[in-house]
Amino acid sequence: MSRETLIDLLYLFSATTFLVALKGLGSPKHARRGNMVAAFGMLVAIVATFFKYVDGHPLHHVDLILLAMLIGVLVAVPTARFVQMTAMPQLVAIFNGVGGGAASLVSITEFVHIKSSNPATYVTLEVLLGVLIGTVSFSGSAIAFAKLQELMTGRPVTYPGQQIINAVIGLAALGLIVTILVSGSTALLWFLLAVAFVLGIAFVLPIGGADVPVLISLLNSFTGLAVAASGFTLGSNLLIIAGTLVGASGILLTRLMSKAMGRSLSNVLFSAFGSNITATGASGVEGRSVRSGSPEDAAVLLTFASKVVIIPGYGLAVAQAQHVLRELADELESKGIKVLYAIHPVAGRMPGHMNVLLAEANVPYDELVEMDEANSELQTADVALVVGANDTVNPAAASDPASPIYGMPIIHADLAENVLFLKRSMRPGFAGIDNELLYNPTTTLIFGDAKDTLTKIVAAVKAS
Amino acid sequence: MNALLQYATVLVLAAFVGTEIISKVPSILHTPLMSGSNAIHGVIIVGSMLILGSANTNLEEVLGFLAVILATLNVVGGFVVTDRMLEMFKARKPKAPDTKSKDAA
């Protein structure tokens, strides 16, 4: 067997491990092992590549490759190990961005490398697509990171004529691609790189913080496609397979997420959602009365319940209250009360984020129920405990066609006999909309920091 | 052109297989799915190694070197983060609760 065949076989093995990993994610039981299998497959591919011949000779610059890898590992491992679970979305965003950047660099360098041999038009097209998509993913992810890390405002950034300007930038990129295809100019390639960079930024700026989860998943898909494009240029099946898998996964997730918000993808991407707080949100607060209670009142309500459904939102994670929440749930369960967690698909800052945060607090995953099941459970629940959620329980999404979130599927906390709403203040949620549930006669508001309040409730429940 | 056709075939098949497998991932695991697939596109490290390994000019060397660093960040960061997340997913009552409380922020 020739050296090349052996390496290709090893690549095939790697591609298979990636599929095994994705399949493993079908259940929490096998997911971790699957991820390890894929990591091993990746290692095999990397080692095999060291023995590959390019342009008829062994790899040059092995020392430089190892040095670059060492730098990457030294930065990546501590970052990945020690970042808080709440910061996971921005971490995924930045790791995704660097992948896009790498794919873009690979495409550019390959173009510089093969230009003298007059590549076929389709090869140039692959290069240009790789550069465009990879760079948009890179700069877009950087802005998404800045938004999530609160280095800049999470609200949509808008300016007059934004859509037109963005369209012009997009068209400029396409025009450049056509021009380079015809002329084969390297100078223009650098220009395309710059335009793509600006396009990524301009594309992400008007997207509000609440929609960033959808965006990250779309950018993830972009990077996958950029990698697949590089695979075409380099003639690597491994890159094509892996890139396409990720591209498909990202697009699928993006669609699922927009569906969970009851909006179309184009509405998410282009409408600058949440850029102004609606009139009802600003004026409705003063005029209407709400019922508020103490943590002790809440404890009484909870201990007399037989079924409690907890509806957590991102506020829970911000207050770092997931551990106290689990303590409360344990305490209630020891009194024979049934406790469930109702998880909205867009709770948190990325798809499935809330599940990870609760898993971190050792909440068993079989207590987490998805939206539809939660809504049928809520019909027979005595108490719905809303902690740090807001828009995902807002009845206006079902009842008020004028509301910006109208049509978004929600968790119907109002179906439960009593609603306990833990809230820091009367401020509207991330989407900037007032919540009708707060004024519901069965709702009791408990103001304060979620962690403080929950600690007091736990103490009161223990004492009873 | 034959090579192009072969690659296109692989692309189409991978897209279908990917969609099929991924649609079976429950929403509870969507975050690990994103970060796991994130790690998988880190396979661009193979491409980065090839371009740095065949670099003839200084420009190619610099670009290739940067590409390898970025790709390593992507692949290593992706797998480590995913593993850290998946480690936490446990079924009911696996062990004494909360031995390594990290919530003191």
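Filter the stretch A:377-395 down to the residues that are closer than 14 Å to residue A:338 by Cβ and of a type in the set (Ser, Thr, Tyr) and list them by number.
Passing the criteria: only A:380.
Evaluate the stretch A:439-455: report whether one residue or more is under 21 Å from the mean Cα position of the chain (by Cα), in a loop (DSSP other than H, G, I, E, B) and either among the charged types (D, E, K, R) or within 25 Å of residue A:211 (Cβ to Cβ) (or both).
The answer is no, given that none of the residues of the stretch A:439-455 is under 21 Å from the mean Cα position of the chain (by Cα), in a loop (DSSP other than H, G, I, E, B) and either among the charged types (D, E, K, R) or within 25 Å of residue A:211 (Cβ to Cβ) (or both).
Kindly indicate whether residue A:193 is closer than 22 Å to residue A:251 by Cα and either more than 14 Å from every other protein chain (Cβ to nearest Cβ) or modelled with pLDDT of 90 or more (or both).
no
Just to be sure, is residue A:91 at pLDDT 95 or above, within 9 Å of another protein chain (Cβ to nearest Cβ) and in a helix (DSSP H, G or I)? So that I can check it myself, show each step before the final result.
Working: at pLDDT 95 or above: no; within 9 Å of another protein chain (Cβ to nearest Cβ): yes; in a helix (DSSP H, G or I): yes.
Considered against the rule, which asks whether it is at pLDDT 95 or above, within 9 Å of another protein chain (Cβ to nearest Cβ) and in a helix (DSSP H, G or I), residue A:91 comes out as no.
Of the conditions (1) at the interface with chain B (Cβ under 7 Å from one of its Cβ atoms); (2) surrounded by fewer than 23 Cβ atoms within 10 Å (Cβ to Cβ); (3) assigned to a helix (DSSP H, G or I), residue A:26 clears all except one; give me its number.
Answer for residue A:26: the failing condition is (3).
Is it the case that the stretch B:26-45 has a residue that's over 30 Å from residue B:90 (Cα atoms), buried (at least 20 other Cβ atoms within 10 Å of the Cβ) and at pLDDT 95 or above? Even if it seems obvious, please write down each step before you answer.
Restricting attention to the stretch B:26-45, the residues satisfying the condition of being over 30 Å from residue B:90 (Cα atoms) are B:44-45.
Restricting the remaining residues to those that are buried (at least 20 other Cβ atoms within 10 Å of the Cβ) gives B:44-45.
Those still in the list that are at pLDDT 95 or above too: B:44-45.
Looking for residues that are over 30 Å from residue B:90 (Cα atoms), buried (at least 20 other Cβ atoms within 10 Å of the Cβ) and at pLDDT 95 or above, one finds at least one in the stretch B:26-45, hence yes.
Suppose the filter is facing chain B (nearest Cβ under 7 Å), buried (at least 24 other Cβ atoms within 10 Å of the Cβ) and over 30 Å from residue B:53 (Cα atoms); does residue A:230 pass it?
Against the criterion (facing chain B (nearest Cβ under 7 Å), buried (at least 24 other Cβ atoms within 10 Å of the Cβ) and over 30 Å from residue B:53 (Cα atoms)), residue A:230 does not qualify.
Confirm whether residue A:324 is surrounded by 23 or more Cβ atoms within 10 Å (Cβ to Cβ), outside any helix (DSSP H, G or I) and either modelled with pLDDT under 95 or touching a Gly at 6+ places or on another chain (Cβ under 8 Å) (or both).
Taking the combined requirement at face value, the residue does not satisfy it.
Evaluate the following for residue A:336: is it over 21 Å from the mean Cα position of the chain (by Cα), assigned by TED's automatic domain parsing to the domain that holds residue A:303 and part of a loop (DSSP other than H, G, I, E, B)?
Working: over 21 Å from the mean Cα position of the chain (by Cα): yes; assigned by TED's automatic domain parsing to the domain that holds residue A:303: yes; part of a loop (DSSP other than H, G, I, E, B): yes.
The answer is yes for residue A:336.
Could you tell me whether residue A:83 is surrounded by fewer than 24 Cβ atoms within 10 Å (Cβ to Cβ) and under 17 Å from residue B:72 (Cβ atoms)?
The answer is no for residue A:83.
Yes/no matrix, rows are residues, columns are (1) aliphatic (A, V, I, L, M); (2) more than 22 Å from residue B:91 (Cβ to Cβ); (3) within 14 Å of chain B (Cβ to nearest Cβ):
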site	(1), (2), (3)
A:352	no, no, yes
A:361	yes, no, yes
A:375	no, yes, no
A:381	yes, yes, no
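I'd like the full set of residues that are among the charged types (D, E, K, R) and part of a helix (DSSP H, G or I), limited to the stretch A:29-54. Steps first, please.
Kept after step one, since they are among the charged types (D, E, K, R), are these residues of the stretch A:29-54: A:29, A:32-33, A:52.
Result: A:29, A:32, A:33.
The values are calculated or read from the model by the stated rules, or taken from the named source; none is laboratory data. Computed from a predicted model, the values in this text were never measured in an experiment. Cβ coordinates were reconstructed from backbone atoms using ideal geometry, including for glycine residues, and neighbour counts include every protein chain displayed.
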